[in-house]
1. Taking all protein chains as present, what is the carbon and sulfur share of the accessible area of the chain, in % to the nearest whole number, probe 1.4 Å?
2. Filter the DSSP H helices in the chain by two things, a Kyte-Doolittle mean of at least 0.5 and an axial alpha-carbon span of 24 angstrom or more, and list the hits by number.
3. Say the cut-off is 32 Å between C-alpha atoms; which of Lys43/Lys267; Lys311/Lys425; Lys19/Lys43 go over it?
4. Just tell me which aspartates and glutamates come within less than 17 Å, Cα to Cα, of Lys59; anything on the same chain fewer than 8 places away is out.
5. If you take the beta carbon distance between Ala177 and Val140 as r and set R0 to 41 Å, what does 1/(1 + (r/R0)^6) give as a FRET efficiency, to the nearest 0.05?
6. Rg and Dmax of region 272-338, Cα atoms, in Å?
7. Looking at the square roots a ≥ b ≥ c of the eigenvalues of the Cα gyration tensor of region 288-435, which shape do they give, rounded for a/c under 1.5, prolate if a/b is larger than b/c, or oblate?
8. Indicate the gyration tensor shape class of region 113-257 (rounded, prolate or oblate), computed on the Cα atoms with a ≥ b ≥ c the square roots of the eigenvalues: a/c under 1.5 is rounded; otherwise a/b larger than b/c is prolate and the rest oblate.
Amino acid sequence: MRIVPRANEEVNEEWISDKARFSYDALKRQRLDKPMVRGGDGKLHPTSWEFALEYVAEKLKSTEPNAMRAVAGKLCDAESMISLKDMMNKLGASHLTPEGMANASADVRSSYLFNSNLVGVEDSDYVLLIGTNPRTEAPVLNVRLRRAVIAGGATVASVGPKADLSYPSVHLGDTTATLEEVTSGKHAACEAIKAAKNPMVIVGSELLRRPDAKVLLKKIHAMCDSHGVVKGDWNGFNVLHDAGGTVGALDLGFVPGTSAEDAPPAKLVYSLGAEEFEAPDGAFIVYQGHHGDAGAAKADVILPGAAYTEKTGTYVNTEGRAQLALGSMGPVGQAREDWRILRALSEFAGVPLPYNTHTQVHERLASIAPHFARLSQVEATLWLNGATYANEKGKKVESALPLKSSVDNFFMTDIISRLSATMAKCTEARANGTA
């Protein structure tokens, strides 16, 4: 038994990775299948949906809006994120964050997308990887890169982790000093970039998580203009995201509002499937998700949601292509589709959301970002000539931090693969040198 890919020549052709194919066994392990509330004994106890929703609603209504936080996990569909965003906004709260992307900016779409499109990789003759290992972060994309090198004669160079990419590449270094040499035009590789017909830069998502992310991106954007990476109808600046929910969150503006900078410590944190989030001692934590792991262990209330195979949802890939995933089975136990949970919770909280069907939620998505109405298509983005991070002038680069990949263990990168017995065996084999 295995998961098989849906063929799409513009995205994955007929490929998926072994992790995508075999990690499904975690869908029956450590599942959250009933609402739970932490009692006076410090333990989580099963409860009814009505009690759980009333309990959370009262906390939402009694907490100051600027003391509430919402975090969207790596596997969130767009429908659930817009439902959470709309509910929090109706409550007056604006501190929203995609998991692990506190520094990401959603102001200009071309600054966070894979603008060349996945098929564009094979049109490039020079590819510069910055802080990424595509073999572990995006193995299907790496197949296209391998084809571009082996069959197309492209050159691949990297500033970041030194890795076996499965094809010849040139490692320039892993420090920000090397990156600054390249972005300033002082490195020998700059001439090769300028001489290329279709040069491409691929920035890893780990760079976006750095404290100096915006400073480095400003320098990279300026290089893309000066070195001909962006010219005419060719946009070679690309960000390679490592999570299925990140681009959708940015497209929907699921980022902190302007008032978030002066917000006090959180008194209530709403985690929508996020495992990694900050919560001050004493904060009330709501976890809405499908597996019992780190996020659920912190929770005061658990609202059981559906895994991606158990609901119909929209996801936006790294190139900005909105795609609809159809549920192949129903949620387990008393779990429910995530947007439906939030719709019900909004009613209890006195801020009812204005949609009752999946079609209406999808219409809401399209009203915010029109590409949600054009599924499976990619819209051209507007390049703002490196002006995206104009306010970062004078800020310093954290030179002591090396440029690294976001993925250490390919077999365990999200809550499902981390709980997969098959992926655990693969991880063990890797540690023993037999993988």
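1. 50 percent
2. Helices meeting the criterion: none.
3. Checking Cα-Cα distances, Lys19/Lys43 exceed 32 Å.
4. Glu50, Asp281, Asp300, Glu347
5. The pair Ala177/Val140 has a calculated efficiency of 0.80.
6. Values for region 272-338 (Cα only, Rg and Dmax): 14.0, 40 Å.
7. Since a/c reaches 1.5 but b/c is at least a/b, the shape of region 288-435 is classed as oblate.
8. Taking the square roots of the gyration eigenvalues as a ≥ b ≥ c, region 113-257 is rounded.
The values are calculated or read from the model by the stated rules, or taken from the named source; none is laboratory data. It should be emphasised that the depicted structure is a prediction, and the values quoted were computed from it without experimental measurement. Neighbour counts are summed over all protein chains in view; Cβ atoms, including those assigned to glycine, are modelled from backbone coordinates with ideal geometry. The accessibility values were calculated without ligands, DNA or RNA, using every heavy atom of the protein model including side chains. Shrake-Rupley method; radii C 1.70, N 1.55, O 1.52, S 1.80 Å.
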